[in-house]
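Below is one structure, written out as structure tokens; the observations come after it.
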Amino acid sequence: MVEGKNLTSFTNGEEEAVQATNIVPFLLESALKEHGAIHHAAANWSNHVVEDGRLVTGQNPASAGGVGEAVVKLLEEE
């Protein structure tokens with residue numbers, strides 16, 4: 001599903017920063033890469049949005065507003 005797609009997600013570094021690497025069943029960034037995604041990371045906790053066609057992803061909660069704006073823009077273009 002994500003193979004070859006440009007996207008972002010909560011990063012391994014962000015998981016480490018909140019000491020969740022031993023709690024979560026897998027690291028999302030690593031799992032996406034293992035499934036062929038082209039993962040784009042920004043500095044921890046920054047607002048970072050990546051669009052690939054109709055796929056809109058945000059790195060973390062700080063990206064929520066940007067994700068919403070990108071989705072609205074896509075919907076307006078249709």
Restricting attention to the stretch 21-51, which residues are among the small types (Gly, Ala, Ser) and either in contact with a Leu (Cβ under 7 Å, 6 or more places away or on another chain) or within 13 Å of residue 2 (Cα to Cα) (or both)? 30, 31, 36, 37
Pairs under 7 Å by beta carbon, first residue more than 16 Å from residue 15 (Cα to Cα) in the stretch 29-40, partner modelled with pLDDT of 95 or more and polar (S, T, N, Q), six or more apart or different chains? 38/6
Over the stretch 29-46, the set of residues in contact with a helix residue (DSSP H, G or I) (Cβ under 8 Å, 6 or more places away or on another chain), surrounded by fewer than 17 Cβ atoms within 10 Å (Cβ to Cβ) and not in a loop (DSSP other than H, G, I, E, B) is 30
Subset of the stretch 47-64 that is under 19 Å from residue 15 (Cα atoms) and aliphatic (A, V, I, L, M) - its residue that is surrounded by the most Cβ atoms within 10 Å (Cβ to Cβ): 49
Leading residue by the ranking (farthest from residue 45 (Cα to Cα)) among those in the stretch 2-28 that are in a helix (DSSP H, G or I) and free of Cβ contacts under 8 Å to residues at least 40 places away in the same chain: 28
For residue 67, all conditions in the list (1) in a helix (DSSP H, G or I); (2) among the β-branched types (Val, Ile, Thr); (3) surrounded by fewer than 16 Cβ atoms within 10 Å (Cβ to Cβ) hold save one; what is the number of the exception? (3)
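The values are calculated or read from the model by the stated rules, or taken from the named source; none is laboratory data. A quick note: this is a predicted structure, and the numbers were derived from the prediction, not measured. FYI the Cβ positions are ideal-geometry reconstructions off the backbone, even for glycines, and counts take in every protein chain you see.
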